[in-house]
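Here's the structure, in structure tokens; my notes come after.
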Amino acid sequence: MPIAVAAFLAYALLLLVGLGLTLGPIVEQATGAPVTLQGVVWMALIAACIFTITLVWQRKEAGRGFALGLSTILIPAAPLVALTLGNWLPGLPFAALALLLIRGLRGAAARAWLNEQ
């Protein structure tokens, strides 16, 4: 398994854990209104994360495209963190991780490893 694919799987599993841990307030909102925008977005993120992990784990070619898409979630996170905290420095790790994941997943090693139809 190439290092880029392993790094992506670690990132995706951490993202899934983070989404699961922050699910409490969204479930509490569901008691007041059965469908909320935040709940729909959270469920879509969880479903996309699980689907992408499954595709990458099975070495499917389509998994690379989904992994690239899931990695781009970090790009808007960098300016959001920077604007929220009033400093650009805390947003740099998010931007660097996004760029490294995207570059690694576009490489020849990841392309060769994700070769199943």
Requested in this report: Scan the stretch 62-72 and give yes if some residue there is in contact with a strand residue (DSSP E or B) (Cβ under 7 Å, 6 or more places away or on another chain) and either under 30 Å from Met1 (Cα atoms) or free of Cβ contacts under 8 Å to residues at least 24 places away in the same chain (or both), otherwise no.
Outcome: no
Query raised in the report: Looking only at residues in the stretch 75-117 that are among the charged types (D, E, K, R) and out of contact with any strand residue (DSSP E or B) (no Cβ under 9 Å at 6 or more places or on another chain), which one is surrounded by the most Cβ atoms within 10 Å (Cβ to Cβ)?
Result: Arg111
Report summary line: Within the stretch 30-49, the residues that are buried (at least 16 other Cβ atoms within 10 Å of the Cβ) and touching a Gly at 6+ places or on another chain (Cβ under 9 Å) are Ala48
Query - Matching residues, the stretch 50-74, being surrounded by 14 or more Cβ atoms within 10 Å (Cβ to Cβ) and aliphatic (A, V, I, L, M) - result: Ile53, Leu55, Val56, Ala62, Ala67, Leu68, Leu70, Ile73, Leu74
Report task. Could you please tell me which pairs satisfy a Cβ distance under 7 Å, a separation of 6+ or placement on different chains, a first residue in the stretch 9-35 that is within 16 Å of Ile46 (Cβ to Cβ), and a second residue that is surrounded by 10 or more Cβ atoms within 10 Å (Cβ to Cβ) and small (Gly, Ala, Ser)? Result -> Ile26/Gly39; Gln29/Gly39; Ala30/Gly39
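For Ile46, state whether it is under 19 Å from Leu68 (Cα atoms) and part of a helix (DSSP H, G or I). Write out each step before concluding.
Working: under 19 Å from Leu68 (Cα atoms): yes; part of a helix (DSSP H, G or I): yes.
Here the answer is yes, as Ile46 does meet what is asked.
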Query raised in the report: Only one of Ala62, Ala108, Ala30, Ala82 is within 16 Å of the chain's Cα centre (by Cα) and not acidic (Asp, Glu); which?
Result: Ala62
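One residue is enough: does the stretch 80-91 have a residue meeting the conditions closer than 22 Å to Ala6 by Cβ and free of Cβ contacts under 8 Å to residues at least 60 places away in the same chain?
So in the stretch 80-91, the residues closer than 22 Å to Ala6 by Cβ come out as none.
Within the stretch 80-91, not a single residue is closer than 22 Å to Ala6 by Cβ and free of Cβ contacts under 8 Å to residues at least 60 places away in the same chain.
Coordinate-derived values only; no laboratory data. What you are looking at is a predicted structure, and each value in this text was computed from that prediction instead of being measured. No Cβ is skipped: glycine too gets one built from the backbone with ideal geometry, and neighbour counts run over all protein chains shown.
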